[in-house]
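Participant: This is the structure I have questions about; it appears just below.
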Amino acid sequence: MPDAAPHVLVHRYPRGLTHAHVVGPRSRGVALPIGPRLWTAGLRLRPGTLAAFLREPAEGRVDGGVGLAAALPASLRSRLDELARFDDPRAVARELATLLALALSGCGPDWRVDAFLRAAAAAPISATPTTLAGALGMAPRTLRSVLRRELGLSPRGVLRISRVHRAATLMTDGSPLTLSRIAHATGFADHAHLTREFGRLMGESPTAYRARCPGGAGTFKPRPPAPGDPSRTVRL
């Protein structure tokens, strides 16, 4: 699923091989090869922390990633070996949280990123990047520059993701609303507009997505890999 937040994932393979990496913000859903993994543990980081964490603009890591060892300060890299000692993914997640708390100390997001994300999440369906920038007391060009550097996404991209998330929530919470009503409620012009944007960002149609959750969020079925796909993939 598209997400403005970065993630840190730890994959465990047979024979104890462990690989950890930082995944940047996603402008659209992506298919990840799962191959022979035994399990994956991960944490979602606060949106806007990636640039300070990596010490580089976040824009270059959208829909991409980097090894966790390269992202960590040299003083903390030796602690990565600790992750390989645990066989339980929950224990790995706890150890990872401790490690990231140390690595992210002082890496809070720019207040303008936080302010825009809150405004976008609560924005009326008529909101645009220009109106939100004005409401926050910023010039549109300044807002765009800050978000590109700190978040990796444009203001319009954040609004698109926010609206698709709202639509996906209405599709999976047992709501009886038709897709046309959901489109209107979440800022899309009509059913066709929702279908285009949802397909572009999520990789499947609203109808197919909703069909995987026939009885509410608790019955959501992961999208299966393509038949005969030797790489075995899962969509995120």
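The values are calculated or read from the model by the stated rules, or taken from the named source; none is laboratory data. Keep in mind that this is a model prediction, so the values were computed, not measured. Neighbour counts are summed over all protein chains in view; Cβ atoms, including those assigned to glycine, are modelled from backbone coordinates with ideal geometry.
Participant: Only one of these is small (G, A, S), outside the structural domain of T142 (by TED's automatic domain parsing), out of contact with any Phe, Trp or Tyr (no Cβ under 8 Å at 6 or more places or on another chain) and farther than 25 Å from S145 by Cβ: G48, G67. Name it.
Facilitator: Residue meeting the stated conditions: G67.
So that you can scan it fast, the table gives a plain yes or no per residue for (1) outside any loop (DSSP other than H, G, I, E, B); (2) at pLDDT 95 or above; (3) farther than 22 Å from D63 by Cα:
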{"residue": "I161", "(1), (2), (3)": "yes, no, no"}
{"residue": "L170", "(1), (2), (3)": "yes, no, yes"}
{"residue": "P176", "(1), (2), (3)": "no, no, yes"}
{"residue": "A189", "(1), (2), (3)": "no, no, yes"}
{"residue": "E204", "(1), (2), (3)": "no, no, no"}
{"residue": "P214", "(1), (2), (3)": "no, no, yes"}
{"residue": "P222", "(1), (2), (3)": "no, no, no"}
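Participant: Output the residue which, of all residues in the stretch 51-86 that are modelled with pLDDT of 90 or more and among the acidic types (D, E), is nearest to L100 (Cα to Cα).
Facilitator: Top of the filtered list is E56.
Participant: Quick one: which residue in R55, R61, R94, R118 is of a type outside the set (V, I, T) and either in contact with a Phe, Trp or Tyr (Cβ under 7 Å, 6 or more places away or on another chain) or farther than 30 Å from R156 by Cβ (or both)?
Facilitator: Exactly one residue qualifies, and that residue is R94.
Participant: For the stretch 126-159, name all the residues that are assigned to a loop (DSSP other than H, G, I, E, B) and either of a type in the set (V, I, T) or not assigned by TED's automatic domain parsing to the domain that holds A208 (or both).
Facilitator: Selection gives T128 alone.
Participant: Does A121 count as farther than 18 Å from L9 by Cβ and out of contact with any strand residue (DSSP E or B) (no Cβ under 6 Å at 6 or more places or on another chain)?
Facilitator: yes
Participant: Got a number for residues in the stretch 178-187 being polar (S, T, N, Q), surrounded by 19 or more Cβ atoms within 10 Å (Cβ to Cβ) and assigned to a helix (DSSP H, G or I)?
Facilitator: Looking only at that region, the number is 0.
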